[in-house]
1. Could you tell me whether the range 471-490 includes any residue that is touching a Phe, Trp or Tyr at 6+ places or on another chain (Cβ under 6 Å) and touching a residue at least 40 places away in the same chain (Cβ under 8 Å)?
2. Determine which single condition GLY454 fails, assuming it passes every other condition in (1) surrounded by fewer than 15 Cβ atoms within 10 Å (Cβ to Cβ); (2) in contact (Cβ under 8 Å) with a residue 60 or more places away in the chain; (3) under 24 Å from HIS321 (Cβ atoms).
3. Tell me, yes or no, whether the range 188-202 has at least one residue that is at pLDDT 80 or above and assigned to a helix (DSSP H, G or I).
4. What residue, of ALA256, ALA281, ALA250, is in contact with a Pro (Cβ under 9 Å, 6 or more places away or on another chain), modelled with pLDDT of 95 or more and either within 21 Å of GLY410 (Cα to Cα) or hydrophobic (A, V, I, L, M, F, W, C) (or both)?
5. Considering (1) within 27 Å of LEU500 (Cβ to Cβ); (2) out of contact with any strand residue (DSSP E or B) (no Cβ under 8 Å at 6 or more places or on another chain), say which one GLY285 fails and leave the rest.
6. Check every one of the strands (runs of 3 or more DSSP E) wholly within the range 238-304 and list those with 2 or more residues that are assigned by TED's automatic domain parsing to the domain that holds SER352 and touching a residue at least 40 places away in the same chain (Cβ under 8 Å).
7. Could you check the range 376-409 and list, in sequence order, the residues that are in contact with a Leu (Cβ under 6 Å, 6 or more places away or on another chain), of a type outside the set (Val, Ile, Thr) and assigned to a loop (DSSP other than H, G, I, E, B)?
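The values are calculated or read from the model by the stated rules, or taken from the named source; none is laboratory data. Keep in mind the model is a prediction, meaning the values are calculated, not measured. Positions of Cβ are generated from backbone atoms using ideal geometry, with glycine treated the same way; all protein chains shown enter the neighbour counts.
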Amino acid sequence: MRDSSAALTVRLATAGDFDDIRRLNHQTFAGEIPQYAPRPDGRLVDRFEDESTFIIARENDTLAGMLALRDQRPFSIDAKLPDVDSYLPRGRKLCEIRLLAVDPGYRHGVVLRALLMRVVEECEARGLDTAVISATTRQLKLYTHMGFVPFGPLVGTVDAAFQPMYLTRESAVSQAGSILGLTNDRTAAPATFLTGPVPLSAAVRRRIEEPLRSHRSPEFAEDLALIRRTLAALIDARHVAVFSGSGTLANDAVAAQIARDGAPAVVCSNGEFGERLIDHARRHGIDHEALRVPWGCPLPMERVAKAARRVHAGWIWAVHHETSTGMLNGLDELRAAAVATGARLALDAASSVGTVPMSLDDVEFATTVSGKALGAVAGLSVVCCAGAPAPGDGSLPRYLDLSRYLEGTGVPYTQSSMLVGALATAIATTDWPARYAAIARADRTLRERLAASGHEPLVTGPDASPSVATWQAGSALDTANLAARMLHAGYAVSWESSYLRVRQWMQTALMGDFDEAAVAPMADALARVLSKSLAS
């Protein structure tokens with residue numbers, strides 16, 4: 001094989017190159033790969049030749065390699081595979097790479113690298129960020145190494161079989177950046193996979209730039225009414241109260257109502273936020289039994305019901321989505337335990353409202369927040385109620401008196417029009433069934449790619465949340481170093497909370513307007529980071 005790195009020229013093809021292009025096309029796809037029948041003249045004219053941009057690599061008079069770039073639909077793969085777009089990440093600007101061929105005398109990597117570097121430049125110049133390709137099954141290992149992701153069944157024939165694949169720019173950077181000379185733009189924000197703050201949609205970003213309005217204005221009242229109406233319909237909540245503050249404030253408001261009722265409670269914990277509910281109960285003087293199980297283990301519903309009967313509980317209080325571990329505690333099972341024991345059910349649902357379909361029918365109280373699964377800006381919290389609490393008797397702190405937030409327009413005290421407007425926009429502009437499906441798809445991609453590298457999250461199986469996965473970082477390096485490596489690769493993951501650092505855990509979250517196309521390369525980057533840590 002020749003060392004052509006010094007004399008190699010890579011450029012767009014001109015009219016004078018096409019005889020050589022047709023010869024190499026015939027040599028590769030009629031001779032070496034029997035996709036087409038051989039022709040007597042040794043030339044193969046591609047049917048999309050006039051619609052394609054050919055990138056070629058030459059050493060003096062020899063055509064060393066080529067590929068064709070085409071951004072007009074339908075692509076050739078559209079004729080081979082029905083509904084191609086259903087396999088691809090959404091919201092991307094697509095092109096098709098075809099006829100990738102390198103003369104056998106130049107297959108030492110230099111020509112392929114040069115062609116791919118040039119096609120990336122051409123794609124970026126056109127604003128294209130994802131390429132599809134029909135890859136010969138003889139070179140799948142090479143394509144996978146370059147960051148291509150297989151999709152759909154094989155196409156072609158037994159003798160000339162091809163695997164449909166796609167490549168995003170993010171994956172090219174993550175998987176083969178050093179090979180292709182690519183880097184992430186360090187001045188740009190990383191792809192965010194945090195439990196909060198979450199990526200904001202373009203509509204929400206535009207909304208927070210609008211002028212501020214009075215919380216007594218008609219426009220503010222319309223936004224608040226939209227939140228209450230739309231959220232109630234989304235999760236079957238009868239009454240919705242919006243507070244200025246974090247989820248801790250909303251849980252304090254629920255604790256105040258439980259304490260006011262006076263009946264004993266069973267407070268469940270299998271993670272950090274269950275522990276916080278127990279602390280709420282203690283601080284509010286609630287007569288309660290704390291039911292604790294190890295973090296990452298499911299709540300034992302038999303024990304929950306048994307404890308509720310033993311203390312004659314009027315309340316069962318639990319976290320639906322335990323964010324600290326990625327555990328999704330069974331809502332139907334908790335509801336059944338409450339019904340069986342005559343208790344009322346209260347939930348912290350901060351990370352589940354907006355990530356999984358759910359109904360809060362017959363749930364007395366549930367809390368959520370603006371800055372997680374609902375995809376808005378942090379700063380608002382929500383209490384959903386099955387029934388409207390009776391007006392306070394003056395003993396509750398004014399800010400925690402839930403009844404006041406359900407009266408009239410629902411704005412007893414000053415709230416930010418920016419935060420309320422952002423939440424209204426996020427809720428109203430989201431296609432929720434499509435959102436749930438996207439989260440489920442991305443979760444499968446993440447888990448499958450990590451599992452292929454030998455990594456499993458803390459919680460797996462039917463109890464696993466589709467929106468949060470917790471990963472053991474290992475003892476050799478602390479999570480700060482590992483998170484820094486992920487950030488260097490272009491991905492922000494959660495690690496800074498004290499309960500994560502002390503356990504050497506990292507988390508990936510699929511909340512807000514995350515980039516689905518970045519999930520696969522992020523998973524690959526995480527697999528490499530974790531593998532290096534555990535091998536140290």
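1. Pass one, the range 471-490, residues touching a Phe, Trp or Tyr at 6+ places or on another chain (Cβ under 6 Å): 479, 483.
Then drop every residue that is not touching a residue at least 40 places away in the same chain (Cβ under 8 Å), which leaves none.
Checking the range 471-490: not a single residue is touching a Phe, Trp or Tyr at 6+ places or on another chain (Cβ under 6 Å) and touching a residue at least 40 places away in the same chain (Cβ under 8 Å).
2. Every listed condition holds for GLY454 apart from (3).
3. To start, the set of residues in the range 188-202 that are at pLDDT 80 or above comprises 190-202.
Then drop every residue that is not assigned to a helix (DSSP H, G or I), which leaves 202.
Yes, because at least one residue in the range 188-202 is at pLDDT 80 or above and assigned to a helix (DSSP H, G or I).
4. Details: ALA281 fails: in contact with a Pro (Cβ under 9 Å, 6 or more places away or on another chain); ALA250 fails: in contact with a Pro (Cβ under 9 Å, 6 or more places away or on another chain).
Criteria check complete, one pass: ALA256.
5. (1)
6. Details: elements: 239-244, 265-269, 288-292.
Filter on the range 238-304 gives 239-244, 265-269.
7. Correct list: ALA376, GLY379, ALA388, PRO389.
Residue-wise test of (1) of a type in the set (Val, Ile, Thr); (2) more than 24 Å from GLU51 (Cβ to Cβ); (3) under 26 Å from the mean Cα position of the chain (by Cα); (4) in the same structural domain as GLN27 (by TED's automatic domain parsing).
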| position | (1), (2), (3), (4) |
| --- | --- |
| ALA101 | no, no, no, yes |
| TYR106 | no, yes, no, yes |
| ARG118 | no, no, no, yes |
| GLU121 | no, no, no, yes |
| GLY127 | no, no, yes, yes |
| ILE133 | yes, no, yes, yes |
| PRO150 | no, yes, yes, yes |
| LEU154 | no, yes, no, yes |
| VAL158 | yes, yes, no, yes |
